[in-house]
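The block underneath contains the structure these notes are about, expressed in structure tokens.
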Amino acid sequence: MTVLSLKEPDRVPIFVTLAPGMAAKLAEYLGRDATNATPVSSLFSNRLSYTELLIKLGNDIVAIGPCYPPNTIEKYPNGTFTDEWGIRYRKVKPSGGLGFHTEMVEHPLSGVEDERTLSKYKLPDSHDPHRYELAQEMVRKYGSQYAIIGVVECTILELSWYLVGMEKFFEDLLMEKPYILKLMDEIMTYNIEVGKELIKLGADIIWTGDDYGAQRGMLISPELWRKHFKPRMKKVYDEFKKTNPEVKIAHHSCGSIRPIIGEMIEIGVEVLNPIQPRAANMEPKSLKEEFGDSLVFLGGIDQQHTMPRGGVEDVKKEVKTRIAELGGGGGYLLAPAHDIQADVPVENVLALFEETKRIGRYN
């Protein structure tokens, strides 16, 4: 919480999230009970899962979020399944690895072209009490010792394309089809209500997210972002602050988003994640120099090369570099630039935690 106030704490905090395969590898290596590697049933599963395992490793933040209510997952004989949104998935086993990841294979609104057809689709109930049972348990168990981050990623853009399909979503957005604008507003309203519930439960930070960037530049133009997402996200943040003025606003966007960072701060973003260091124009040192007076950085550890392909000494070197670049004056929460995947050696994960605790002291 000291870091979130842009002040120097006693040490740099750390927050790691895991893909299922990596969680399975860690649990096996450390000899933990198998339940520590069981994923949470949620759209945000990787963000909410493996809390006990990660706390034992050294995490300083506990994530909470909306879970699927009971009996909302429908499984099929071919191994695919649909969730409460009507999105159909298949599980994919990584080559030579443990665990799995899921891929979308059907989008429930792939055939929608107008508001009349859209009106037949009903979003899930944001106030279903079953959705927040795990969040309540996590706050009761950890809220007095750990910062609580409430996850409402896929806030507008991503959940919209999950429902419509990516190519169709971007085409229809460019043509400003009325149904796509209505859908984004409905999803925005849903996530506002979810975020408010998490704030009331005790979230210190609300973690919104939509990937606006790719490796070399933005997925959408800054002009398109300003027209369709900036005003909607401002409304989201304003509503969260009305619920609790002290809550901190974080946003996740992978990739290169340098042109809009200043405007994200303008509308209320206080914590930026994940600081993908190999993306164009996202050099951590220059981001700190330009935005460090008003922005907390969460992330920065290279998940594209150093974590999966480097050795223990490479990980230690990167930890030292990121703390030097982003930690001055506070304002840095050390984390990988995404969920740690199953191709990362266990030794590298342990080194990440150990080196952060060893050298991340301010005094």
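The values are calculated or read from the model by the stated rules, or taken from the named source; none is laboratory data. These figures come from a predicted structure and were not determined experimentally. Neighbour counts run over all protein chains shown; Cβ positions are idealised from the backbone, glycine included.
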Practice task
Among the numbered conditions (1) closer than 22 Å to residue 254 by Cβ; (2) surrounded by fewer than 19 Cβ atoms within 10 Å (Cβ to Cβ); (3) not aliphatic (A, V, I, L, M), tell me where residue 114 comes up short.
Solution key: (1)
Problem - Yes/no for residue 144 being of a type in the set (Ser, Thr, Tyr) and crowded, with 16+ Cβ neighbours inside 10 Å - result: no
Problem - Boolean, residue 265 is surrounded by 21 or more Cβ atoms within 10 Å (Cβ to Cβ) and within 22 Å of the chain's Cα centre (by Cα) - result: no
Fill in the blank from the handout: Restricting region 279-307 to residues that are β-branched (Val, Ile, Thr) and under 17 Å from residue 255 (Cα atoms), the one surrounded by the fewest Cβ atoms within 10 Å (Cβ to Cβ) turns out to be 306
Practice task
Select the strands (runs of 3 or more DSSP E) contained entirely in region 141-253, then report the ones holding at least 3 residues which are of a type in the set (A, V, I, L, M) and at pLDDT 95 or above.
Solution key: 147-153
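Answer yes if at least one residue in region 63-85 is among the small types (Gly, Ala, Ser), at pLDDT 95 or above, out of contact with any Pro (no Cβ under 7 Å at 6 or more places or on another chain) and crowded, with 17+ Cβ neighbours inside 10 Å, and no otherwise.
So far as region 63-85 goes, yes, one or more of its residues are among the small types (Gly, Ala, Ser), at pLDDT 95 or above, out of contact with any Pro (no Cβ under 7 Å at 6 or more places or on another chain) and crowded, with 17+ Cβ neighbours inside 10 Å.
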Fill in the blank from the handout: Within region 198-220, restricting to residues that are within 15 Å of residue 131 (Cα to Cα) and in contact with a helix residue (DSSP H, G or I) (Cβ under 6 Å, 6 or more places away or on another chain), the one that is surrounded by the fewest Cβ atoms within 10 Å (Cβ to Cβ) is 201
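Consider residue 269 carefully, then state whether it is under 23 Å from residue 162 (Cβ atoms) and assigned to a helix (DSSP H, G or I).
So residue 269 fails the test.
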Practice task
Filter region 43-62 for residues that are surrounded by fewer than 23 Cβ atoms within 10 Å (Cβ to Cβ), free of Cβ contacts under 8 Å to residues at least 40 places away in the same chain and not charged (D, E, K, R) and give the result.
Solution key: 45, 53
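May I ask you to verify whether residue 292 is modelled with pLDDT under 95 and either under 21 Å from residue 356 (Cα atoms) or in contact with a strand residue (DSSP E or B) (Cβ under 7 Å, 6 or more places away or on another chain) (or both)? Step through it out loud before you land on a result.
Numbers: modelled with pLDDT under 95: no; either under 21 Å from residue 356 (Cα atoms) or in contact with a strand residue (DSSP E or B) (Cβ under 7 Å, 6 or more places away or on another chain) (or both): yes.
Judged against the criteria, residue 292 is not a match.
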Problem - Candidate set from region 86-109 (those that are in contact with a Ser or Thr (Cβ under 9 Å, 6 or more places away or on another chain) and over 24 Å from residue 28 (Cβ atoms)); member that is modelled with the lowest pLDDT - result: 90
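Residue by residue through region 224-244, note down the ones that are charged (D, E, K, R) and under 20 Å from residue 181 (Cβ atoms).
Across region 224-244, the qualifying residues are 226, 227, 230, 232, 234, 235, 238, 239.
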Problem - Enumeration of residues in region 216-245 that are without any contact (Cβ under 8 Å) to a residue 24 or more places away in the chain and either within 25 Å of residue 333 (Cβ to Cβ) or touching a Lys or Arg at 6+ places or on another chain (Cβ under 9 Å) (or both) - result: 242, 245
Completion exercise
Among (1) at positive phi; (2) in contact (Cβ under 8 Å) with a residue 40 or more places away in the chain; (3) surrounded by fewer than 14 Cβ atoms within 10 Å (Cβ to Cβ), residue 176 falls short only on (2)
Exercise for the section: Please indicate, with yes or no, whether at least one residue in region 311-318 is buried (at least 18 other Cβ atoms within 10 Å of the Cβ), within 20 Å of the chain's Cα centre (by Cα) and not small (Gly, Ala, Ser). Expected result: no
Exercise for the section: Grab the strands (runs of 3 or more DSSP E) fully contained in region 40-129, keeping just those with 2 or more residues being closer than 30 Å to residue 360 by Cα. Expected result: 61-64
